[in-house]
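A short write-up of the structure that comes next.
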Amino acid sequence: TQLLEQSPQFLSIQEGENLTVYCNSSSVFSSLQWYRQEPGEGPVLLVTVVTGGEVKKLKRLTFQFGDARKDSSLHITAAQPGDTGLYLCAGRYNFNKFYFGSGTKLNVKP
Amino acid sequence: DSGVTQTPKHLITATGQRVTLRCSPRSGDLSVYWYQQSLDQGLQFLIQYYNGEERAKGNILERFSAQQFPDLHSELNLSSLELGDSALYFCASSVESGSLDTQYFGPGTRLTVL
């Protein structure tokens, strides 16, 4: 059983569409991070959220941390083929332990 | 390029063998983290070192061990290898160890156990 559940697992959409990826847990995290990973490479950090209810924007990407710090969402507006990749959420738990979600594989078709 | 280097890039070995994976953190980073990524388990946190000392332990098997040396590079030793140990092993580094610390991941070592 994963401590962090990500949904959906796979997403295939057309360029220009909007999408939301969810990351849920029954545990409270001190912080939560979103990463993007391309095949054959290590994950690259997109954002860190710390405060419950926090919203951060990174160009067309909007990240939200739930009020209770147990869940998070990533919303992409007007997706582009360059957004294709594996999106991972990771929660920092019990001070120094990290748990990663199983990932959402996004494919944006031109 | 994250600034974190890992060697080797690929490693093919047989069951029962022992291997050592090496990681050099970014210049100035004191923390090193090891992760295992397999198809069925996703990315699993194994262990963290900070300035030479073990800081946190995740799902690391007893057959695996790690250390961080005075020059801050780290090695992950995997022994009595099993088929199920085949995976991508990532090292990440960060400046310190706080909640807001950004982890920079290396390119990974792909281990294949035959």
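Read-outs: derived from the displayed coordinates by stated rules, not from any lab. Everything numeric here is computed off the predicted structure, so don't read it as measured data. In this analysis, Cβ positions are derived from the backbone assuming ideal geometry, glycine residues included, and neighbour counts consider all displayed protein chains.
Go through A:Lys57/B:Lys57; A:Lys57/A:Lys109; A:Lys109/B:Lys9; A:Lys70/A:Lys105; A:Lys57/A:Lys105 and tell me which ones have a Cα-Cα distance over 26 Å in this structure. Let's see the in-between values first.
Details: A:Lys57/B:Lys57 32 Å; A:Lys57/A:Lys109 23 Å; A:Lys109/B:Lys9 31 Å; A:Lys70/A:Lys105 22 Å; A:Lys57/A:Lys105 21 Å.
The answer is A:Lys57/B:Lys57; A:Lys109/B:Lys9.
Given a cut-off of 19 Å, what percent of all Cα-Cα pairs of segment A:1-81 lie beyond it?
40
Considering just Cα atoms, how many Å³ per residue does the convex hull of chain B enclose?
94
Fewest to most neighbouring Cβ within 10 Å: what's the order for A:Asp83, A:Asp67, B:Asp29?
The order, fewest Cβ neighbours first, is A:Asp67, A:Asp83, B:Asp29.
Taking each residue of A:33-45 in turn, how many C-beta atoms of other protein chains fall within 10 Å of its C-beta, and what is the average?
5
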